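Asks: This is the structure, below, for whatever I ask next.
The values are calculated or read from the model by the stated rules, or taken from the named source; none is laboratory data. Fair warning: this is a prediction, and the values are worked out from it, not measured in the lab. When we count neighbours, we look across all protein chains shown, and the Cβ atoms used for this are built from the backbone with ideal geometry, even at glycine.
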Amino acid sequence: MATPTLPRDRGGAPLALDLDRSSPVPLWFQAAQQLEAAIDRGDLRPGQRLDNEIELADRFGLSRPTLRKAIEQLVGQGLLVRKRGVGTQVVQSQVKRPVELSSLFDDLASTGRRPTTAVLSCHEVPADEAVAAALGLHAGDPVLAVERLRSADGEPLAILRNWLPTDVGKLTAELLIEHGLYALLRRYGVHLRIANQRIGAAVADAGQARLLGSRKGDPLITMERVSYDDTGRPVELGRHRYRADAYSFEITVVGR
């Protein structure tokens, strides 16, 4: 039996699903894994439309329920989306970010994604008690408060809120549009060495949903970080919100 093929990849060659029908692994799971790998490689591009389920099931020699389960798996992972009148389309692959002391701007750029920034606010404010405690200051001391909307390849990805001591260097909206925050800190001789970080979850409120192009109540990944320079001084408090359908953290776990 010939290996079934999908719509053609970037190079014009047909994509193949190599399904092992003798394997104890369910066919729907094999199909979902191989489609996911094709999306991660970029063989299936964002916006590319798949054939309808009847045509795909016939092409792959699968039953419609089996194919539908594979598609539903990828829809649930945020890799495919169903649109009325359009069909099933590939969406932008997730940003997978290692848990380390790096900036989102640098991570996106290093993986070939195009980061862009909209600065929502950038001004000095009096530190409230929580911000002051995180930065080793007194409540009411001036701090620089920055809020940005970070996009990847034109798609809104994260709302980034940061508070910093006012003496870390010149940070303006114009500079923050062109450069990542950590790159600017390095320019001013501030070298981050360690951070305490907490990852959690929340749901988008109306304002966050509007900025991220999602819906109120959609899941968000949260991250709060306090970063310290090479003298041990706290120089950044970050409270960030990421779209859960487009972003994930990768963690390596080592056994004892």
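Asks: Being of a type outside the set (K, R) and within 19 Å of the chain's Cα centre (by Cα) is the filter; apply it to the range 154-175 and report the residue that is nearest to V226 (Cα to Cα).
Replies: Taking the range 154-175 and keeping what is of a type outside the set (K, R), we get 154-160, 162-169, 171-175.
Narrowing further to those that are within 19 Å of the chain's Cα centre (by Cα): 154-160, 162.
Numbers: G154: 28, E155: 27, P156: 24, L157: 21, A158: 18, I159: 17, L160: 13, N162: 10 Å.
Only one residue tops the list, namely N162.
Asks: Restricting attention to the range 195-233, and to residues there that are part of a loop (DSSP other than H, G, I, E, B) and over 17 Å from the mean Cα position of the chain (by Cα), which single residue is farthest from A158 (Cα to Cα)? Can you show your working first?
Replies: First pass over the range 195-233, keeping only residues part of a loop (DSSP other than H, G, I, E, B): 204-205, 213-218, 230-233.
Adding the requirement that they be over 17 Å from the mean Cα position of the chain (by Cα) leaves 205, 216-217, 230-233.
Numbers: D205: 14, K216: 15, G217: 16, D230: 27, T231: 30, G232: 28, R233: 27 Å.
Within the range 195-233, the match that is farthest from A158 (Cα to Cα) is T231.
Asks: Do you know which residues across the range 194-243 are without any contact (Cβ under 8 Å) to a residue 60 or more places away in the chain and among the aromatic types (F, W, Y)?
Replies: Hit for the range 194-243 is Y228, nothing else.
Asks: State the number of residues belonging to the range 50-74 that are surrounded by 14 or more Cβ atoms within 10 Å (Cβ to Cβ) and touching a helix residue (DSSP H, G or I) at 6+ places or on another chain (Cβ under 8 Å).
Replies: The number of residues fulfilling the criteria is 15.
Let's see how each residue does on (1) of a type outside the set (D, E); (2) assigned to a strand (DSSP E or B); (3) within 20 Å of the chain's Cα centre (by Cα); (4) crowded, with 17+ Cβ neighbours inside 10 Å:
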| residue | (1), (2), (3), (4) |
| --- | --- |
| I177 | yes, no, yes, no |
| R186 | yes, no, no, no |
| V190 | yes, no, no, yes |
| H240 | yes, yes, yes, yes |
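Asks: Just checking, how many residues over the range 131-157 are under 18 Å from L171 (Cβ atoms) and of a type in the set (G, A, S)?
Replies: As a first pass, look at the range 131-157 and keep what is under 18 Å from L171 (Cβ atoms): 131, 134-135, 137, 141-150.
From what's left, of a type in the set (G, A, S): 134, 145.
The number of residues fulfilling the criteria is 2.
Asks: Restricting to the range 20-49, what's the tally of residues that are polar (S, T, N, Q), at pLDDT 85 or above, surrounded by 12 or more Cβ atoms within 10 Å (Cβ to Cβ) and not in a helix (DSSP H, G or I)?
Replies: 0
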